[in-house]
Amino acid sequence: MTFLSQRLRADLQRLLATPHLGRFFFCILGFLVVAGLAGREASAADPDRTVTTGSFTKADFEKHIEQLQKKIPSKDFTVILTPPFVVIGDESPEEVRRRSEGTVKWAVEKLKQAYFKQDPRQILDIWLFKDKKSYETNCKKLFGKTPDTPFGYFSQEAGALVMNISTGGGTLVHEIVHPFVAANFPNCPAWFNEGLGSLYEQSGELNGEIHGYTNWRLPRLQEAILKGKLTSFKTLCQTTDTDFYEKDRGTNYAQARYLCYYLQQKDLLKTYYRRFLTNRKDDPTGYKTLKAILERDDMDEFQKQWESYVLKLKYPRK
Ligand SMILES: [Zn+2]
């Protein structure tokens, strides 16, 4: 057993002895962080907001980490348990800890608060590679493939979120959204999954809630609007997942993101998420629910107003 695994095992033992598993807790031992194993307590005042606790036992995490240690490419990596994830990174231990606490733990807490009742159904690894070289070399070594994005991706098959963290933490928050959508929103169409994920790739906290801000996708969207190249919302919502990812991928992401952004700014996004989830069998594309929540029959008129709204947005914000 390596030094690392002894530390992890010691912490898991301590976790076993923790009497308050029904409460959110946080503990740091050396470079190991254990956060919120049992998730947040439900709000008694709002039964619809009940958040389930994670379904993994300490033995599950222990077994998972033991297996994981066999794969870790070198001793430069720090492992930090951040339920329901395990964060593994080759930046300095301090930096990996900072990302685990300041980004992963924060995003999990805030996304669950806003949307998600269920944790992902498997323990997922979050690999934070320190630069392009580490990202590409280790992707090949660990997953047998060269990544097709320079930023990072989520692979359900590999049970991993894989990041070139030198490109910033935004993609990390974006990718954290996807396993939660997978666990909570069966058959969520790509447009809404990516709209929500990309909304939070530039995010912060406003009034205690996660909040998406304008970002680098805006100028290209404004250009497409000015050229009259955007599709209708009806078509966007009805786009198959394959078409969403393969045809006009850039503008699809941006249009979906700024529809979510608009709904957020009108304080409609969380309500839309819940209604779409409830109505998904009758309205699998979300279009009918979108019209209903916007209280619009004439969606062409809405699109004109939304486009002029988007054209007035700014990025950078100042
Ligand atoms: Zn995505």
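The values are calculated or read from the model by the stated rules, or taken from the named source; none is laboratory data. As the structure is a computational prediction, the values presented were derived from the model and not from experiment. So basically every Cβ, Gly included, is an ideal-geometry build from the backbone, and we count neighbours across all protein chains shown.
Picking from residues in the range 218-236 that are touching an Asp or Glu at 6+ places or on another chain (Cβ under 9 Å) and assigned to a loop (DSSP other than H, G, I, E, B), the one that is farthest from residue 270 (Cα to Cα) is 229.
Residue 146 meets each of the listed conditions (1) farther than 18 Å from residue 79 by Cβ; (2) within 15 Å of the ligand (Cβ to nearest atom) apart from (2).
Answer with yes or no whether residue 61 is modelled with pLDDT of 95 or more, surrounded by 18 or more Cβ atoms within 10 Å (Cβ to Cβ) and under 29 Å from residue 129 (Cβ atoms). Taking the combined requirement at face value, the residue does not satisfy it. Looking across the range 189-217, just one residue is part of a strand (DSSP E or B) and among the hydroxyl-bearing types (Ser, Thr, Tyr), and that is 203. Considering only residues of the range 184-202 that are free of Cβ contacts under 8 Å to residues at least 40 places away in the same chain and either aliphatic (A, V, I, L, M) or within 20 Å of residue 167 (Cα to Cα) (or both), which is nearest to the ligand (Cβ to nearest atom)? Applying the filter and picking the extreme gives 197. Restricting the range 156-183 to residues that are crowded, with 16+ Cβ neighbours inside 10 Å and polar (S, T, N, Q) leaves a set whose member that is nearest to the ligand (Cβ to nearest atom) is 171.
Scanning the range 237-259 for residues that are assigned to a helix (DSSP H, G or I) and over 19 Å from residue 201 (Cβ atoms) yields a total of 6. No other residue among 247, 288 is basic (Lys, Arg), more than 16 Å from the ligand (Cβ to nearest atom) and at pLDDT 95 or above apart from 288.
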